[in-house]
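> To start, I am sharing the structure in question, which I have written as structure tokens.
The values are calculated or read from the model by the stated rules, or taken from the named source; none is laboratory data. If you're wondering where the values come from, they're calculated on a predicted model, not measured in any experiment. Using ideal geometry, Cβ is built from the backbone for each residue, glycine included, and neighbour counts are taken over all protein chains shown. Protein only, heavy atoms only, side chains kept; ligands, DNA and RNA dropped before computing areas. Shrake-Rupley method; radii C 1.70, N 1.55, O 1.52, S 1.80 Å.
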Amino acid sequence: MKSLKYLYRIGRGPSSSHTIGPFNAGTMFKNLYPSADNFKVILYGSLAKTGKGHMTDLVLKEVFENKVEIVFDEITETKEHPNTLDLFAYKENELLGSLRVFSVGGGEIQIQGQKLPEQKEVYPLNSFDEIKAYCDNKGIRLYDYVEECEGKEIWDYLTKVWEVMKQSIHDGLNTEGVLRGGLDLKRKARFLYRQTHIDESEETKTNRLICAFAYAVSEQNASTGEIVTAPTCGASGVLPAVLKFLQVKRNFTDEQIVKAIATAGIIGNLIKTNASISGAECGCQAEVGTACAMAAAGAAELYGLNLDEIEYSAEMCIEHHLGLTCDPILGLVQIPCIERNAVAAMRALNAVNLADFLVDSRKISFDMIVKTMYETGKDLKVIYRETSEGGLAKNYK
């Protein structure tokens, strides 16, 4: 598996596959041809069908300083990956070169026929069963395994990740207004956070705060704010919401939170390696489902649960997101995306509590559910995989 630095990417929303990925692809391509005076980008598949709603064209124009022609090709099929873009560089109308790039989720890109140097493997084990056996044998936690594979310098990066997560929550809680895009959707994080009732139960307060934190990050993401892919932009609100809530409620230190982020990263990395975190490839189960599993694992780490309980917490979250479609209305990462982050954050904590009680009776392994999720995603009709052609996107008027 690759470094957690390629799972947790700091960047601008609203979509890791539609904004961060194309931004990185465009920047890389522009640097390859510094003498070019004009560029052309052809978007295919999900990038073509929901690129405008996801603001793909805006980030590409920014990269190429408006010296670019952008074509949304909704007809041509690309078999390699649903998020495909072709880039062309010109000088005085003569073609200098071209590349086909795939935005594979989480802001990561792959070049057709090439393997980027940054994609080196740093984790020798690629299944939870293997990692669990290794950690049990050495008597270490998952975050210890992260340090062993990545080196102590990973903590500086994950500390920065947590700082950005906290800042996105803070900014989201202190911003009001309407999200752009055409849905006239009002921000709700500030409202949720400030609502209090005399007879509010502790359970209601818990859910309200978790949701407020999740809404805060998701609304920042929807407005092209800076967030952390966890594992994607569209699912970036789940993990920060759970960790922030537990820090507020239980006074966990930043150091403890960062270790939980490392544990959550192992879960996300395994799914990314053995299945997919791309909504265009496997539906929202691959995005919010993965985020829910990561958040549950992080919370279980904070509570000091053992590896079996951490595994069950994460497995449960994927199992009960199986088949979740990706059908963003108008191609915007707003409905159902923002609310879905809040629901998944609440579900993550519920999964941890249930796993603590029932771990001895579980039947499904984490590795098995990841394999099942990938197969389920591949079986989903294309219209339910981020193209905004089915489900809510189709029925909303």
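> Of the numbered conditions (1) closer than 25 Å to D144 by Cα; (2) in contact with a strand residue (DSSP E or B) (Cβ under 9 Å, 6 or more places away or on another chain), I335 satisfies every one except a single condition; which is it?
(1)
> Can you tell me which of T56, T76 is of a type in the set (S, T, Y), in contact with a strand residue (DSSP E or B) (Cβ under 7 Å, 6 or more places away or on another chain) and closer than 29 Å to V228 by Cα?
T56
> Among the listed residues K152, K188, which satisfies the condition of being open to solvent by 60 Å² or more (accessible area, probe 1.4 Å), among the basic types (K, R) and without any contact (Cβ under 8 Å) to a residue 24 or more places away in the chain?
On the way: K188 fails: without any contact (Cβ under 8 Å) to a residue 24 or more places away in the chain.
Testing whether each residue is open to solvent by 60 Å² or more (accessible area, probe 1.4 Å), among the basic types (K, R) and without any contact (Cβ under 8 Å) to a residue 24 or more places away in the chain leaves just K152.
> Give the residue that is modelled with the lowest pLDDT, with candidates limited to residues of segment 207-227 that are part of a helix (DSSP H, G or I), aliphatic (A, V, I, L, M) and within 30 Å of G331 (Cβ to Cβ). Step through it out loud before you land on a result.
Within segment 207-227, the subset part of a helix (DSSP H, G or I) is 207-222.
So of that shortlist, the ones also aliphatic (A, V, I, L, M) come out as 209-210, 212, 214, 216-217, 222.
Within this subset, residues satisfying the condition of being within 30 Å of G331 (Cβ to Cβ) are 210, 212, 214, 216-217, 222.
Values: I210: 98, A212: 98, A214: 98, A216: 98, V217: 98, A222: 95.
The residue in question is A222.
> Hey, N207 hits all of (1) in contact (Cβ under 8 Å) with a residue 40 or more places away in the chain; (2) under 20 Å from R12 (Cβ atoms) but one; which does it fall short on?
Among (1) in contact (Cβ under 8 Å) with a residue 40 or more places away in the chain; (2) under 20 Å from R12 (Cβ atoms), the lone unmet condition for N207 is (2).
Table: residues versus (1) aliphatic (A, V, I, L, M); (2) part of a loop (DSSP other than H, G, I, E, B); (3) surrounded by fewer than 17 Cβ atoms within 10 Å (Cβ to Cβ); (4) modelled with pLDDT under 95.
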site: I140; (1), (2), (3), (4): yes, yes, yes, no
site: Y145; (1), (2), (3), (4): no, no, no, no
site: G172; (1), (2), (3), (4): no, no, no, no
site: E176; (1), (2), (3), (4): no, yes, yes, no
site: T196; (1), (2), (3), (4): no, yes, yes, yes
site: K205; (1), (2), (3), (4): no, no, yes, yes
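> Could you say which residue among E315, E301 is open to solvent by 10 Å² or more (accessible area, probe 1.4 Å), in contact with a Ser or Thr (Cβ under 8 Å, 6 or more places away or on another chain) and acidic (D, E)?
Numbers: E315 fails: open to solvent by 10 Å² or more (accessible area, probe 1.4 Å).
Sole residue among the options that is open to solvent by 10 Å² or more (accessible area, probe 1.4 Å), in contact with a Ser or Thr (Cβ under 8 Å, 6 or more places away or on another chain) and acidic (D, E): E301.
> Can you give me the number of residues within segment 206-229 that are out of contact with any Pro (no Cβ under 7 Å at 6 or more places or on another chain) and within 18 Å of A280 (Cα to Cα)? Lay out the reasoning, then the answer.
Taking segment 206-229 first, the residues out of contact with any Pro (no Cβ under 7 Å at 6 or more places or on another chain) are 206-212, 214-216, 218-220, 223, 225-229.
When the remaining residues are screened for being within 18 Å of A280 (Cα to Cα), the result is 229.
Going through segment 206-229 one residue at a time, the tally reaches 1.
> Select from segment 29-59 the residues that are modelled with pLDDT of 95 or more and among the hydrophobic types (A, V, I, L, M, F, W, C) and write down the one among them that is nearest to A222 (Cα to Cα).
If we take residues in segment 29-59 being modelled with pLDDT of 95 or more and among the hydrophobic types (A, V, I, L, M, F, W, C), then L43 is nearest to A222 (Cα to Cα).
> Now for a different question. Run down A295, A264 and say which single residue is closer than 14 Å to F128 by Cβ, touching a residue at least 12 places away in the same chain (Cβ under 8 Å), open to solvent by less than 10 Å² (accessible area, probe 1.4 Å) and over 11 Å from the mean Cα position of the chain (by Cα). Give the derivation first.
Working: A295 fails: closer than 14 Å to F128 by Cβ.
Every option except A264 fails the conditions.
> A follow-up question, please. Out of K160, K166, which single residue is basic (K, R), under 23 Å from the mean Cα position of the chain (by Cα), over 28 Å from A275 (Cα atoms) and modelled with pLDDT of 95 or more? Break it down into steps so the answer makes sense when it comes.
On the way: K160 fails: over 28 Å from A275 (Cα atoms).
None of the other options fit; the residue is K166.
> Tell me, yes or no, whether segment 262-281 has at least one residue that is in contact with a Pro (Cβ under 6 Å, 6 or more places away or on another chain), hydroxyl-bearing (S, T, Y) and within 22 Å of S103 (Cα to Cα).
no
> Mind checking which helices (runs of 4 or more DSSP H) fall wholly inside segment 314-397 and carry at least 2 residues that are over 18 Å from G53 (Cα atoms)?
Details: elements: 337-358, 366-379, 391-395.
Per the criteria, 337-358, 366-379.
> Spot the failing condition for E121; the list is (1) open to solvent by 70 Å² or more (accessible area, probe 1.4 Å); (2) at pLDDT 95 or above; (3) under 23 Å from M294 (Cβ atoms); (4) touching a Lys or Arg at 6+ places or on another chain (Cβ under 8 Å), and only one is missed.
Of the numbered conditions (1) open to solvent by 70 Å² or more (accessible area, probe 1.4 Å); (2) at pLDDT 95 or above; (3) under 23 Å from M294 (Cβ atoms); (4) touching a Lys or Arg at 6+ places or on another chain (Cβ under 8 Å), the odd one out for E121 is (2).
> Related question: So if I check each of I364, I369, which one is free of Cβ contacts under 8 Å to residues at least 60 places away in the same chain and either buried (at least 16 other Cβ atoms within 10 Å of the Cβ) or in contact with a Leu (Cβ under 9 Å, 6 or more places away or on another chain) (or both)?
Details: I364 fails: either buried (at least 16 other Cβ atoms within 10 Å of the Cβ) or in contact with a Leu (Cβ under 9 Å, 6 or more places away or on another chain) (or both).
I369 is the lone residue from the list that is free of Cβ contacts under 8 Å to residues at least 60 places away in the same chain and either buried (at least 16 other Cβ atoms within 10 Å of the Cβ) or in contact with a Leu (Cβ under 9 Å, 6 or more places away or on another chain) (or both).
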